[in-house]
Amino acid sequence: MHDPAPQMVRGPLILGASGRLGRALRRVWPADAPQPLWQTRDGAGDTWAWDILNAAPSHLPPIDGIVVLAGVTHGDATALALNTALARACADLGAALGVRVLVASSQAVYGPQQGLLREDTPPAPASPYGAAKLAMERAVTGAHVTHLRIGNVAGCDALAEGIARGDVVLDRFADGQGPCRAMLTPADLAHVVRCLLAAPTLPPIVNVARPGSTAMADVLRAADVPFVWRDSGPGALPDLALDVTLLQDICPLPSGDAAAMAEALIQRTRPA
């Protein structure tokens, strides 16, 4: 008798594979880890097709969790409210399948607050996007749902946008320094996703970044990217620092490092 063929171990369903963060994550997902099922609306590029808001999912193979990267970053209030609808549809699917759901939120829910921001810091979003993500967090809940308040992902943030435009501009504050941000690389995020899905229990909200803040000017210098200074305006924030104690207890990451962020930034500007 022949032994039955081994079953392929499938990783999570990752929704939003065609977005900036989804593309970055797909590029760095470890080849020796269970491979995700990558979703797009139309199934292009060897992805699983699901129009999340307009159709029921079909022919879904076994998965070990759901990661919701699909979302809306720009537009009016009606467009941004789709973040809640998308997250709710994915959370409902996770409940039906009995799997954990990780929803990509943002540090933008904190707004321009100073100090080390913990998950229980009262949110104060200053942008429509931050407000929409906070509304999503409050509307989509459940024991199987965890919202990830993600910091700046190198190569997927404002620095990358500035490089693409060819005009990187940094605020310079009264002390002569530029902005510092809580950052992580796409590979860090892939590692975090795998750790969180494997954890026995999770809180409803987790800050996601490397410990400490990284100076954006140092990242640009390490990546050999030219930039110009401008005097900071009244709404500019010198440092947005996330307390990642919860994350470090579950999935330790190394401290913020400009060279590592620069390497991720360079990798994102190279052809796939």
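Structure data summary
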{"item": "Counted residues, segment 251-266 - those being out of contact with any Gly (no Cβ under 7 Å at 6 or more places or on another chain) and either crowded, with 18+ Cβ neighbours inside 10 Å or not β-branched (Val, Ile, Thr) (or both)", "result": "11"}
{"item": "TRP38 vs. criteria more than 20 Å from the chain's Cα centre (by Cα) and surrounded by 15 or more Cβ atoms within 10 Å (Cβ to Cβ)", "result": "no"}
{"item": "Any hit, segment 43-59, residues being among the charged types (D, E, K, R), in contact with a Lys or Arg (Cβ under 8 Å, 6 or more places away or on another chain) and without any contact (Cβ under 8 Å) to a residue 24 or more places away in the chain", "result": "yes"}
{"item": "Boolean, ALA236 is more than 16 Å from the chain's Cα centre (by Cα) and either in a loop (DSSP other than H, G, I, E, B) or touching a residue at least 60 places away in the same chain (Cβ under 8 Å) (or both)", "result": "yes"}
{"item": "Lone qualifier among ALA135, ALA158 - being of a type in the set (A, V, I, L, M), farther than 30 Å from LEU93 by Cβ and under 20 Å from the mean Cα position of the chain (by Cα)", "result": "ALA158"}
{"item": "Checklist (1) over 23 Å from THR121 (Cβ atoms); (2) modelled with pLDDT under 95; (3) surrounded by fewer than 17 Cβ atoms within 10 Å (Cβ to Cβ) applied to GLY235, failing item", "result": "(1)"}
{"item": "Residue count, segment 68-97 (criterion: part of a helix (DSSP H, G or I), of a type in the set (S, T, N, Q) and surrounded by 14 or more Cβ atoms within 10 Å (Cβ to Cβ))", "result": "2"}
{"item": "Filter result for the condition that a residue is out of contact with any helix residue (DSSP H, G or I) (no Cβ under 9 Å at 6 or more places or on another chain), among the polar types (S, T, N, Q) and at pLDDT 95 or above, over THR121, THR146, THR84, THR78", "result": "THR78"}
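The values are calculated or read from the model by the stated rules, or taken from the named source; none is laboratory data. It should be emphasised that the depicted structure is a prediction, and the values quoted were computed from it without experimental measurement. As a convention, Cβ positions derive from the backbone with ideal geometry for all residues, glycine included, and neighbour counts pool all protein chains shown.
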